[in-house]
Amino acid sequence: MGKLRTERIGVMGGTFDPIHYGHLFAAEEARCRFKLDEVVFVPTGNPPHKEQGPNLPAESRFLMTVMATADNPNFRVSRIETDRVGISYTLDTLRELRAEYGKNTVMYFITGADAILEIMTWKEPEQILEECCIIAATRLGYDLARLEKALPPAERKRRKTDPRVIVMEIPALAISSTDIRERMAARRPIRYLVPESVVQLISKKGFYR
Ligand code: ATP
Ligand code: MG
């Protein structure tokens with residue numbers, strides 16, 4: 001039997017250290033607004049140098065992401081970066097997903113507005129925009145001029161006619177993984193910032209202690 005192919009997919013990359021409702025809401029809102037068939041979460045792998053990397057190993061972050069997304073039939077989690085040794089470049093991941101889904105699939109890479117500024121400066125932005133459109137999730141009132149300035153020349157040229165970087169305003173979600181880790185360290189609550197299943201897993205495994 002042939003592989004089921006979806007037409008429009010969202011790709012939500014992140015460290016997910018841990019995954020929280022900010023990530024999940026951005027993915028669900030993008031799915032709904034852009035009529036995506038599914039959203040693939042791609043947790044980053046283990047960095048080559050452990051010192052400045054994530055707190056938890058790739059396998060643990062993958063597991064939390066699976067738990068957090070299990071109740072949404074339109075969410076799945078990919079092991080692409082979990083299984084890759086060394087640095088993962090967004091472009092390589094997108095090309096791998098492209099190979100998996102086929103050339104007719106429209107891909108939307110979902111990021112927060114701050115993460116997109118990083119992508120635009122560090123990684124081959126033009127090639128990334130050849131593979132996918134980027135949905136930049138922002139809070140209302142975010143300084144959009146900053147984003148516009150960071151766009152590569154080709155995107156600026158087609159901005160008015162055929163934009164590939166699309167801004168999606170979402171309600172202010174001040175949740176961040178950094179804050180959740182700090183809360184864990186200070187023994188302050190994380191419940192209702194993170195799905196209950198993830199809260200339970202963090203507690204059971206003693207993560208972020
Ligand atoms: P950290 O605090 O460790 O940087 P984070 O909360 O930013 O973690 P990441 O895993 O780095 O989480 O983010 C993955 C993606 O989700 C990025 O594109 C990021 O911009 C986006 N993102 C993070 N937090 C939110 C949020 N509250 N609302 C919408 N998008 C978010
Ligand atoms: Mg971040």
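The values are calculated or read from the model by the stated rules, or taken from the named source; none is laboratory data. As the structure is a prediction and not an experimental result, all values here were calculated from the model. Counting neighbours? That spans all protein chains shown, and the Cβs are built from the backbone with ideal geometry, glycine included. These accessible areas exclude ligands, DNA and RNA; they are computed on the full protein's heavy atoms, side chains included. Shrake-Rupley method; radii C 1.70, N 1.55, O 1.52, S 1.80 Å.
Residues of region 101-124 that are without any contact (Cβ under 8 Å) to a residue 12 or more places away in the chain and more than 12 Å from ligand 2 (Cβ to nearest atom): Lys103, Trp122. Of the numbered conditions (1) over 19 Å from the mean Cα position of the chain (by Cα); (2) at pLDDT 95 or above, Pro195 fails exactly one; give the number of that condition. Among (1) over 19 Å from the mean Cα position of the chain (by Cα); (2) at pLDDT 95 or above, Pro195 violates only (1).
Just a yes or no: is a residue in region 125-142 open to solvent by less than 60 Å² (accessible area, probe 1.4 Å), of a type outside the set (A, V, I, L, M) and within 16 Å of ligand 2 (Cβ to nearest atom)? For region 125-142, residues open to solvent by less than 60 Å² (accessible area, probe 1.4 Å), of a type outside the set (A, V, I, L, M) and within 16 Å of ligand 2 (Cβ to nearest atom): present. Here Phe62, Phe109 are screened, and the one residue that is assigned to a strand (DSSP E or B) and closer than 13 Å to Val42 by Cα is Phe109. Taken together, the residues in region 112-124 that are away from ligand 1 (no atom under 15 Å from the Cβ) and in a helix (DSSP H, G or I) amount to 0. Tyr208 - would you say it is in contact with a helix residue (DSSP H, G or I) (Cβ under 7 Å, 6 or more places away or on another chain), open to solvent by less than 50 Å² (accessible area, probe 1.4 Å), modelled with pLDDT of 95 or more and in a loop (DSSP other than H, G, I, E, B)? It is true that Tyr208 is in contact with a helix residue (DSSP H, G or I) (Cβ under 7 Å, 6 or more places away or on another chain), open to solvent by less than 50 Å² (accessible area, probe 1.4 Å), modelled with pLDDT of 95 or more and in a loop (DSSP other than H, G, I, E, B).
Looking across Ile180, Ile116, one residue alone is among the β-branched types (Val, Ile, Thr), modelled with pLDDT of 95 or more, buried (at least 18 other Cβ atoms within 10 Å of the Cβ) and touching a strand residue (DSSP E or B) at 6+ places or on another chain (Cβ under 7 Å). It is Ile180. Could you tell me which of the residues Val77, Val85, Val106 is open to solvent by 20 Å² or more (accessible area, probe 1.4 Å) and touching a Phe, Trp or Tyr at 6+ places or on another chain (Cβ under 7 Å)? Step by step, each of Val77, Val85, Val106 is checked, and only Val77 is open to solvent by 20 Å² or more (accessible area, probe 1.4 Å) and touching a Phe, Trp or Tyr at 6+ places or on another chain (Cβ under 7 Å). Every condition in (1) among the charged types (D, E, K, R); (2) open to solvent by less than 70 Å² (accessible area, probe 1.4 Å); (3) modelled with pLDDT of 95 or more holds for Glu155 except the one numbered (3). Within region 41-73, the set of residues being of a type in the set (D, E, K, R) and either open to solvent by less than 20 Å² (accessible area, probe 1.4 Å) or farther than 16 Å from Pro195 by Cα (or both) comprises Lys50, Glu51, Glu59, Arg61.
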